[in-house]
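> Following this message is one structure expressed as structure tokens.
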Amino acid sequence: MSDSGSDNKQVCHVCGGQAFEFEPVLWDELVEAWGLSDQERAYIDRQQGECCVVCRANLRSSSLAAAIRQHLGMDGWLRDEAGRRPRRKLRVLELNEAGTLSPVLQQWKSHVLGQYPEVDMQNLPYEDESFDLVLHSDTLEHVPDPIQALRECRRVLRPGGACCYTIPIVVGRMTRSRDGLPPSWHGQSRTTDEDWKVQTEYGADAWCQPMEAGFDSVRLTTLQWPAAIALTLYR
Ligand SMILES: [Zn+2]
């Protein structure tokens with residue numbers, strides 16, 4: 001990669017933009033439900049609310065773009081490279097729209113968008129080994145059985161394929177199910193729609209679920225640690 005961000009110069013991995021603006025997105029009820037410290041609130045706010053002024057990708061989308069670039073060995077930025085030879089024929093499955101990344105991903109000729117509720121991640125309507133790349137962004141935390149969902153991601157990947165995704169991770173704690181806890185929701189409108197209900201709060205052991213689902217290799221890609229982390233699972 002031409003720029004991994006390791007020199008600490010912040011760059012948008014979607015478009016290469018180097019200017020960002022920040023608008024906090026968390027609200028007090030959510031912070032309380034999650035029991036976030038001020039520092040945790042600050043970095044999760046950045047993950048969701050720090051956006052590239054050029055393409056509007058937030059830090060989370062940028063980390064997903066970084067993971068995809070890393071996996072595919074892209075020299076250029078995702079926006080410029082997606083859909084270009086020699087990768088034009090990659091079969092890409094996007095599960096629920098990955099925010100501002102969605103139009104970028106649709107440059108791939110064999111792009112498929114699977115949207116909830118028509119497409120349930122726990123029971124994907126696709127054949128075994130039918131995709132090279134499976135992508136989802138802040139979706140898994142809303143799925144009742146995330147390990148089953150990851151098993152399904154693995155099933156539809158061809159050997160050598162990869163699943164790249166983001167979830168909100170609070171790195172100073174372990175993953176916990178919200179089963180039996182007061183319901184908590186994500187979403188800009190502070191919706192109480194069941195579909196946005198948070199089922200799992202992810203922590204430092206977020207890499208264990210893919211292992212339980214049958215993947216045998218997991219890579220973590222981070223931008224502005226610990227604000228944004230993407231996982232790449234290898235089939
Ligand atoms: Zn950008």
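The values are calculated or read from the model by the stated rules, or taken from the named source; none is laboratory data. Please read these numbers as outputs of a predicted model, since none were measured by experiment. Glycine also receives a Cβ, built like all others from the backbone with ideal geometry; neighbour counts cover every protein chain displayed.
> From the list 124, 95, which residue is crowded, with 22+ Cβ neighbours inside 10 Å and more than 16 Å from the ligand (Cβ to nearest atom)?
Step by step, each of 124, 95 is checked, and only 95 is crowded, with 22+ Cβ neighbours inside 10 Å and more than 16 Å from the ligand (Cβ to nearest atom).
> Among the strands (runs of 3 or more DSSP E) lying completely within the range 1-95, list those that include at least 3 residues that are free of Cβ contacts under 8 Å to residues at least 40 places away in the same chain.
Strands (runs of 3 or more DSSP E) meeting the threshold: 20-22.
> Any residue in the range 22-40 that is within 16 Å of the ligand (Cβ to nearest atom) and among the aliphatic types (A, V, I, L, M)?
No, that holds for no residue.
> From the list 195, 205, exactly one residue is modelled with pLDDT under 95 and either of a type outside the set (Ser, Thr, Tyr) or surrounded by 22 or more Cβ atoms within 10 Å (Cβ to Cβ) (or both). Which is it?
From the options 195, 205, the qualifying one is 195.
> Restricting to the range 100-148, and then to whatever is in a helix (DSSP H, G or I) and more than 22 Å from residue 84 (Cβ to Cβ), can you tell me which residue is nearest to the chain's Cα centre (by Cα)?
140
> So, one more: Can you give me the number of residues within the range 127-144 that are loosely packed, with under 15 Cβ neighbours inside 10 Å and of a type in the set (Ser, Thr, Tyr)?
Of the residues in the range 127-144, 0 are loosely packed, with under 15 Cβ neighbours inside 10 Å and of a type in the set (Ser, Thr, Tyr).
> Suppose we filter 50, 40 for residues that are among the charged types (D, E, K, R), under 30 Å from residue 200 (Cα atoms), under 18 Å from the mean Cα position of the chain (by Cα) and buried (at least 16 other Cβ atoms within 10 Å of the Cβ); which single one remains?
Exactly one of 50, 40 is among the charged types (D, E, K, R), under 30 Å from residue 200 (Cα atoms), under 18 Å from the mean Cα position of the chain (by Cα) and buried (at least 16 other Cβ atoms within 10 Å of the Cβ), namely 50.
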